[in-house]
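The values are calculated or read from the model by the stated rules, or taken from the named source; none is laboratory data. Here the structure is a predicted model, which is why all the values come from computation and not from measurement. In this analysis, Cβ positions are derived from the backbone assuming ideal geometry, glycine residues included, and neighbour counts consider all displayed protein chains. Quick note on the areas: whole protein, heavy atoms, side chains included, nothing else; ligands and nucleic acids left out. Shrake-Rupley method; radii C 1.70, N 1.55, O 1.52, S 1.80 Å.
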Amino acid sequence: MFEFSAFSLYDAAFLAIGGVTILGALGVVLFRNIIYSALSLVFTMLGVAAIYFQLNAGFLGAIQILVYAGAISVLIIFAVMLLMDKDARRTNLPTPRTKAWFAGGTITMMMLASIIAAVGFTEWPKTALQGVDNSVGMLAELMLGDYVIAFEAAAILLLVAVIGAIILAKGVENR
Amino acid sequence: MIGLPHYILLSAVIFSIGVYGVLTRRNAIAVLMSVELMLNAVNINFVAANKFMNDAAAVGQLFSVFIIVVAAAEIAVGLALVISIYQQRKSVDLNDFNLLKW
């Protein structure tokens with residue numbers, strides 16, 4: 001076979017999925033029509049789900065597709081449809097002030113450069129682990145064992161968020 | 001060839017794109033979508049570190065599940081707030097959200 005066979009199918013899959021995900025994320029912040037941004041967000045979420053599947057976290061990938069690509073994206077698209085009052089091609093413009101745009105770009109580039117430098121200067125372990133085999137069972141044991149308080153708190157948080165969202169969007173009738 | 005640093009770099013790039021969106025967009029829904037991008041970048045980091053540094057337990061995946069739960073609550077309340085402000089101001093432009101200023 002080839003001498004440079006260190007480049008495996010796994011690596012090619014990572015590069016393809018990562019490139020698609022980054023393109024989708026760029027679309028979210030660069031499109032001028034917010035409907036295109038929302039569809040680009042769905043694309044990005046599906047890319048992240050593919051990365052979870054590649055990392056042997058199939059259960060999390062399924063959750064990602066159900067919650068993000070299914071529920072949250074529908075919520076965002078409904079909000080966009082409810083709130084769009086002008087020309088659709090001008091709904092997601094960047095800030096008109098050049099100073100703010102320049103400051104945002106500079107902060108972003110500085111943060112990205114420092115993270116890349118930190119990753120480059122760190123010694124990473126060479127070992128390739130297999131990943132969790134039975135992640136659903138382990139997640140269930142952790143959720144109802146050591147982390148049961150966080151699990152119950154998350155349940156209460158979801159309930160409060162749903163009631164709060166209804167009250168905020170609908171308003172309270174004064175009697 | 002592909003290891004933990006590549007996943008961290010991918011996550012850093014997506015997080016930076018989210019930061020850029022939060023800082024430069026002026027549509028409130030676009031800012032909420034950029035926050036979702038940042039939360040997803042953090043989730044990639046958790047799952048990758050879980051696989052490459054400690055694959056005996058699934059704690060990283062568990063934290064990702066909790067982050068997804070909190071993100072769902074956040075986007076629901078955030079969109080409800082935007083709809084509520086839109087009913088008063090007829091705008092989703094963040095520059096018009098100055099209700100607490102006088």
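None of B:L37, B:L10, B:L32, B:L23 is surrounded by fewer than 21 Cβ atoms within 10 Å (Cβ to Cβ) and of a type outside the set (F, W, Y) except B:L23.
Taking the stated definitions as given, is A:S73 closer than 27 Å to B:A41 by Cβ, under 25 Å from the mean Cα position of the chain (by Cα) and open to solvent by less than 40 Å² (accessible area, probe 1.4 Å)? Against the criterion (closer than 27 Å to B:A41 by Cβ, under 25 Å from the mean Cα position of the chain (by Cα) and open to solvent by less than 40 Å² (accessible area, probe 1.4 Å)), A:S73 qualifies. Within the range B:54-69, being more than 7 Å from chain A (Cβ to nearest Cβ) and either under 10 Å from A:A169 (Cα atoms) or open to solvent by 30 Å² or more (accessible area, probe 1.4 Å) (or both) holds for B:N54, B:A56, B:F63, B:I67. When the range B:40-53 is filtered for residues that are surrounded by fewer than 19 Cβ atoms within 10 Å (Cβ to Cβ) and at pLDDT below 90, the ones remaining, listed by number, are B:A49, B:M53.
Which residues, counting only those in the range A:48-61, are open to solvent by 10 Å² or more (accessible area, probe 1.4 Å) and in contact (Cβ under 8 Å) with a residue 12 or more places away in the chain? Lay out the reasoning, then the answer.
Step one: filter the range A:48-61 for residues open to solvent by 10 Å² or more (accessible area, probe 1.4 Å), giving A:50, A:53-54, A:56, A:58-59.
Correct list: A:A50, A:Q54, A:N56, A:G58, A:F59.
Scanning the range A:134-155 for residues that are open to solvent by less than 50 Å² (accessible area, probe 1.4 Å), facing chain B (nearest Cβ under 9 Å) and over 17 Å from A:F59 (Cα atoms) returns A:A150, A:A154. Figure legend. Inter-residue proximity from the range B:77-99: first residues open to solvent by 30 Å² or more (accessible area, probe 1.4 Å), second residues among the acidic types (D, E) and outside any loop (DSSP other than H, G, I, E, B), beta-carbon distance below 6 Å, spacing 6+ or different chains. Indicated pairs: B:R89/B:D96.
Count, please, the residues in the range A:57-84 that happen to be closer than 27 Å to B:R89 by Cβ and more than 7 Å from chain B (Cβ to nearest Cβ).
From the range A:57-84, those closer than 27 Å to B:R89 by Cβ are A:72-84; that's our starting set.
Still in the list and also more than 7 Å from chain B (Cβ to nearest Cβ): A:73-74, A:77-78, A:81, A:84.
Residues meeting the conditions: 6.
If the condition is being free of Cβ contacts under 8 Å to residues at least 40 places away in the same chain, β-branched (V, I, T) and facing chain A (nearest Cβ under 7 Å), then the range B:1-41 contributes B:I2, B:V13, B:I14, B:I17, B:V19, B:T24.
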